[in-house]
Amino acid sequence: MRFLGNIEAKTDAKGRAFLPAAFRKVLQLNSEERLVLRKDVFQPCLVLYPESVWNEQMDQMRARLNRWNRQHQQVFRQFVSEVELLTLDGNGRFLIPKRYQKMADIEQDIKFIGMGDTIEIWSNKKADEQQMKPEDFEAALEELMGSEETKSEE
């Protein structure tokens, strides 16, 4: 499953948004009907997980955590309890609950960003603030990817 690109959109007065057609097509091709919405752990955005991807993440997390460790249980509880299960309506819309809109500072203008197996939802103003400067992006990419190339050439 690969969600790619970024698409600007708007929410209506009730907080509903149309999931972009390109992303709906990916869901349909993979027979995904339900989505899980969660505030991102690190960034001021929301993340939509296809249900199968969410289930894989939960399984991975559960495998790394000890049920008999108090902190592990607290982390797991907080991670899985702060979610909303969503189903698109017949028009491809879904509701972004008010509390999630507040968490991500979403007003009306939003941006969907495909992140491979998930989709991020940003307020337009926050999305622009989070972008790296082109020269910083180039340097970071070179450091991350160039070092692997160097290792494989040796």
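The values are calculated or read from the model by the stated rules, or taken from the named source; none is laboratory data. What you see is a predicted model, and the numbers here were worked out from it, not measured in a lab. Using ideal geometry, Cβ is built from the backbone for each residue, glycine included, and neighbour counts are taken over all protein chains shown. Please note that ligands, DNA and RNA were not included when accessible areas were found on the heavy atoms of the full protein model with its side chains. Shrake-Rupley method; radii C 1.70, N 1.55, O 1.52, S 1.80 Å.
Some observations on this one:
- Condition met for E120 (under 16 Å from E8 (Cα atoms) and surrounded by fewer than 13 Cβ atoms within 10 Å (Cβ to Cβ)): no
- Qualifying residue in the range 68-81 (condition: part of a loop (DSSP other than H, G, I, E, B), at negative phi, open to solvent by 50 Å² or more (accessible area, probe 1.4 Å) and at pLDDT below 95): no
- Filter pass, V53 being in a loop (DSSP other than H, G, I, E, B) and either crowded, with 16+ Cβ neighbours inside 10 Å or under 15 Å from the mean Cα position of the chain (by Cα) (or both): no
- Within the range 105-128, tally of residues that are part of a helix (DSSP H, G or I) and within 14 Å of D40 (Cβ to Cβ): 2
- Flag if L141 is closer than 23 Å to R24 by Cα and surrounded by 10 or more Cβ atoms within 10 Å (Cβ to Cβ): no
- Only residues that are open to solvent by 20 Å² or more (accessible area, probe 1.4 Å) and more than 14 Å from the chain's Cα centre (by Cα) were counted in the range 83-100, giving 10.
- Verdict on L19 being of a type outside the set (V, I, T) and in contact with a helix residue (DSSP H, G or I) (Cβ under 7 Å, 6 or more places away or on another chain): no
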